[in-house]
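Each remark here refers to the structure printed beneath this line.
The values are calculated or read from the model by the stated rules, or taken from the named source; none is laboratory data. Small disclaimer: the values here were computed from a predicted structure and weren't measured. Positions of Cβ are backbone-derived with ideal geometry, glycine not excepted, and every protein chain shown enters the neighbour counts. Accessible surface is based on the protein model in full, side chains and every heavy atom, while ligands, DNA and RNA are left aside. Shrake-Rupley method; radii C 1.70, N 1.55, O 1.52, S 1.80 Å.
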Amino acid sequence: MEIQSGGEKIRNASGQQGENERRNINYSHPTSKWLPSNQPTSRCVPHNHIMFLKTHKTGGSTIANILFRYGDSRNLTFALGAGHIAWPQRFRISQVLCFYRQPNILCSHTVFNKKPLNWLFPREISKYVTIIRNPVDTFESFFNYYHMGTSLGLGRDPVVSLEKFLKRASSFYNKFRAKKRSINARNPMMFDLGLSQKYFQNYTAVTKYINFLNKEFDLVMIMDYFDESLILLKRLLCWEIDDILNVKVNERLDKEKASNLSDRVKENIKRWNKADVLLFTYFNATFWKKIEMEGSGFYEDLSAFRERRLKLQQMCFENGTGAVQEVFRGKIVKSYSTRNDLNSSFKFLCNRLIKTENSYLDELRRKRKEQLKSELEKQTRIDDSTSWNVAKDLQYVPVET
């Protein structure tokens, strides 16, 4: 299912196969064998050092899948953790699994922490990217995806439980914090981006931090305009259209969504998440300024991307998202059914588009372990070309009787 672009009301709102066969697959451009050729649109050098700060419930899983496929196809190194990297604590180098060379890409959940991230991803060679979403949809998605209503004894109905929470949000929030659970249940985007909770109600601190983020990040994408965001990402990284092809992943089941929220509930969500509202308002404005500066070629890219993605989806999948998949224990989300008439190579590539984040991370961790083992063996291996008899000056000559 394609993620549709939003309307003007948001723009102006304040608020598995054999190893030999696998080696022969063209990972970098998986559609090149069965879609019309996608000729390079520029001569710049692609950026392969990317710090993607993955925020919760903002389309970050789809972006992560794009980065996983891009980096994996080029044997790039990922900054990996045992799970989330230090989250809900701030990013720490010590939480990154051992690596034998500087990582190229980070795209796991973490909390922004400038100094260690700048060390691991130097600003002079790295692009800093994140994604946000309008705060009403973000908070509704976060609340119901993690079943906060059920956890608080407010019932399972996604609308009713959300309304009950908002009536006494501060009280419920304190209960969560006391249990050290769902501590980003207020301003979840600002929490992930590193603003301390003690400043959530301080207007001056929030606005200063937003200006700080504007200097730190090269691109702040917006889920409400997902396609446009991907074209900005493509142009920032000097990638090709095939590099950003995608399908929507990690979408909730319909029964878990709170649809048709009243204006009162929407307003209460905004009031509960005022820092996120300010964040979205600021970067929503800068987003359209960036697009305006790209010129008419931007919309040519956008049209070509949508056409190519549609062909990819038609080639890979049956109609609609009728299938489901488990993304982590007990959590079921919408997915796609891969077409039965694909050969093994194409089926492998199509399955990469819908591979869950946890599955991809497990695979990358296994590769990391194998790479580290291989590197260690190289460093400790004795050179067989050297023998005891090569040098003669200290040659053994026994004393004869």
### Query
Can you give the Kirkwood hydrodynamic radius of region 209-279 from its Cα pairs, in Å with one decimal?
15.4 Å
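Using 0.36 nm times the number of residues separating residue 332 and residue 344, minus their current alpha carbon distance, what extension gain do you get?
Values: separation 12, 0.36 × 12 = 4.32 nm, distance 2.61 nm.
Taking 0.36 nm per residue and subtracting the Cα distance, the gain is 1.7 nm.
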### Summary
Carbon plus sulfur, as percent of the 1.4 Å-probe accessible area of region 176-323, comes to 48 percent
### Query
By how many nm would the segment from residue 197 to residue 359 lengthen if fully extended, with 0.36 nm per residue of separation less the alpha-carbon distance?
55.1 nm
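With a Förster radius of 51 Å, plug the Cβ-Cβ distance of residue 119 and residue 377 into 1/(1 + (r/R0)^6) and report the FRET value to the nearest 0.05. Working shown, then result.
Values: r = 29 Å, r/R0 = 0.56.
For R0 = 51 Å, the calculated efficiency reads 0.95.
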### Task
Would you please put 273-285, 162-174 in order of how densely packed they are, using the mean number of other Cβ atoms within 10 angstrom per residue and starting with the highest?
273-285, 162-174
### Summary
Expressed to two decimals, region 234-340 has a Cα Rg over Rh, using the Kirkwood radius, of 1.05
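Residue separation times 0.36 nm, minus the C-alpha to C-alpha distance between residue 323 and residue 307: what's the value?
Numbers: separation 16, 0.36 × 16 = 5.76 nm, distance 2.37 nm.
Full-extension gain reported as 3.4 nm.
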### Task
Please identify which residues in region 183-207 have an amide N closer than 19 Å to a label point set 7 Å out from the Cα of residue 175, following the Cα→Cβ vector.
183-187
### Message
Quick check: pseudo-label points 7 Å beyond the Cα along Cα→Cβ at residue 211 and residue 262, how many nm apart are they?
### Response
4.0 nm
### Task
Report, to the nearest whole %, how much of the accessible area of region 78-138 belongs to carbon and sulfur atoms, 1.4 Å probe, protein only.
54 percent
